[in-house]
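Each remark here refers to the structure printed beneath this line.
The values are calculated or read from the model by the stated rules, or taken from the named source; none is laboratory data. As the structure is a computational prediction, the values presented were derived from the model and not from experiment. Positions of Cβ are backbone-derived with ideal geometry, glycine not excepted, and every protein chain shown enters the neighbour counts. We work out accessible area using only protein heavy atoms, side chains counted, and drop any ligands, DNA or RNA first. Shrake-Rupley method; radii C 1.70, N 1.55, O 1.52, S 1.80 Å.
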Amino acid sequence: MLAVVTGGTKGIGLAFSRRLIRMGYRVVATFHSDEASANQALREMEKGLAVVRSDVSDPDEVARFAELVRTGHGIPQVLVNNAGLNIDRPVLEISDSDWRRVLDTNLSGPFYLSRAFAPHMVEAGGGSIVNIGATTAIRPRLNGANYCSSKAGLLHLTKCLAMELAPSIRVNCLIPGMIDTEEMRTRYRVAEPEHMNALLDEIPQRRIGATDEMADALEFLVGEGAAYITGQKLIVDGGQFMW
């Protein structure tokens, strides 16, 4: 079995790659710029992991990547569209370039990858696509109009793909809440007690989630237990966004 995980060499994506390998998949993971993390992931999981530098925002590069996977590794049964980009600015200060870069990575990238792999997945008997969303698709935040818009669009792309690729391919959106990654700790300044306490006040379970808990949810969505689930969003957030 083969899985493709974009942005699969650090953070939540790395947890996805680890879990899929534990489930018996061979994993091809992409990275964009952090070569050190990619090499570390490769050393850790050398028997089950291949890493490829790729820019998911470029349709031509995605097409080349998909062909490399098909010819060198096979046809995936699982595609995890995890790669994402934040460029935060007040809405009146977002440049055309920063708008396009975020939309192209977070929304166009999953479209390009799904379009490239889905026909072959259907021919091979089907599979599962999981798009990694964000809670900002549900409740917007300041200085993130480009990111929020891209993730809101991803929710509807998920539904459109689910409708058109059924019954062969199931497509769902997995949405992380406050998950313990380096980016989250930096963004929300959780090392400072006042910031951590303010954050925990919003989470009914009173804790930050672990990347392995995101991997648990991914394992469910790609497994037989979710065989009748498609076009849905699953939020892993300790209850923060139940309202």
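The accessible-area ordering, largest first, of the residues Thr186, Thr211, Thr9 stands as Thr186, Thr211, Thr9, per a 1.4 angstrom probe. Computed with a 1.4 Å probe over protein heavy atoms only, the accessible area of Glu194 comes to about 110 Å². Under a 5 Å amide H cut-off, with hydrogens placed 1.01 Å from N, Val5 pairs with Val28, Ala29, Thr30, Val80 among residues at least 5 apart or on other chains.
In debye, nearest 20: dipole of the chain around its Cα centre with unit charges on the Cβ of K, R (+) and D, E (-)?
Working: 25 positive and 29 negative charges, 77 e Å.
With Lys and Arg at +1 and Asp and Glu at -1, about 360 debye.
Full extension of the chain between Glu123 and Tyr188 gives 19.0 nm of extra length, using 0.36 nm per residue less the Cα-Cα distance. Here the stretch 107-175 is assigned +1 on the Cβ of each Lys and Arg and -1 on the Cβ of each Asp and Glu. Its dipole about the Cα centre then comes out at about 300 debye. Contact order for the stretch 1-141, expressed relative to its length and based on alpha carbon pairs under 8 Å spaced 6+ residues apart, stands at 26 percent. Please label the shape of the stretch 51-194 as rounded, prolate or oblate, based on the square roots a ≥ b ≥ c of the eigenvalues of the alpha-carbon gyration tensor (a/c under 1.5 means rounded; beyond that, a/b larger than b/c means prolate, else oblate). Taking the square roots of the gyration eigenvalues as a ≥ b ≥ c, the stretch 51-194 is prolate. Computed from Cα positions, the angle between helix 11-22 and the longest principal axis of the chain comes to roughly 40 degrees.
Figure note: Glu224, Glu35 ranked by solvent-accessible area, largest first, 1.4 Å probe, ligands and nucleic acids not counted: Glu224, Glu35. Here the stretch 19-143 is treated with +1 on each Lys and Arg Cβ and -1 on each Asp and Glu Cβ, and its dipole about the Cα centre works out to around 520 debye. Looking at the square roots a ≥ b ≥ c of the eigenvalues of the Cα gyration tensor of the chain, which shape do they give, rounded for a/c under 1.5, prolate if a/b is larger than b/c, or oblate? Rounded is the answer for the chain, as its axis ratio a/c remains below 1.5. Local charge for Gly231 was computed over the other residues whose Cβ lies under 13 Å away, with Lys and Arg +1 and Asp and Glu -1, and equals +2. Count charges around Pro76 for me, please; just the other residues with Cβ under 11 Å from its Cβ, Lys/Arg as +1, Asp/Glu as -1. So the surrounding residues net to +2. Taking θ as phi - 60° and the Karplus parameters 6.51, -1.76 and 1.60, the scalar couplings of the stretch 60-77 work out to 5, 5, 4, 4, 5, 4, 4, 5, 4, 5, 4, 7, x, 10, x, 9, x, 8 Hz in sequence order, x denoting glycine and proline.
Could you rank the peptides 45-51, 78-84 by their average count of other C-beta atoms within 10 Å per residue, with the highest value first? Walk me through the numbers before you get to the answer.
Numbers: 45-51: 16.1, 78-84: 26.7.
For the peptides 45-51, 78-84, the packing ranking is 78-84, 45-51.
Mind running the shape call on the stretch 144-186? Use the C-alpha gyration tensor, a ≥ b ≥ c as the square roots of the eigenvalues: rounded below 1.5 for a/c, prolate if a/b tops b/c, oblate otherwise.
Taking the square roots of the gyration eigenvalues as a ≥ b ≥ c, the stretch 144-186 is oblate.
Label point of Arg115 set 7 angstrom out along Cα-Cβ; within the stretch 143-176, amide nitrogens under 20 Å from it belong to 150-166, 169-172. Helix 145-165 and the longest principal axis of the Cα set of the chain meet at an angle near 30°.
Could you please report the charge total around Val56, scoring K, R as +1 and D, E as -1 over all other residues with beta-carbon less than 13 angstrom from its beta-carbon?
Net charge in that neighbourhood comes out at -1.
The listed residues Ile75, Ile208, once ranked by accessible area (1.4 Å probe) with the largest placed first, stand as Ile75, Ile208.
In the context of the full protein assembly, Tyr188 retains an accessible surface of approximately 80 Å², using a probe radius of 1.4 Å and ignoring ligands and nucleic acids. Residues whose amide H lies under 5 Å from that of Leu234, counting only those 5 or more places away or on a different chain, are Cys173, Leu174, Ile175; hydrogens are built 1.01 Å from N in the peptide plane.
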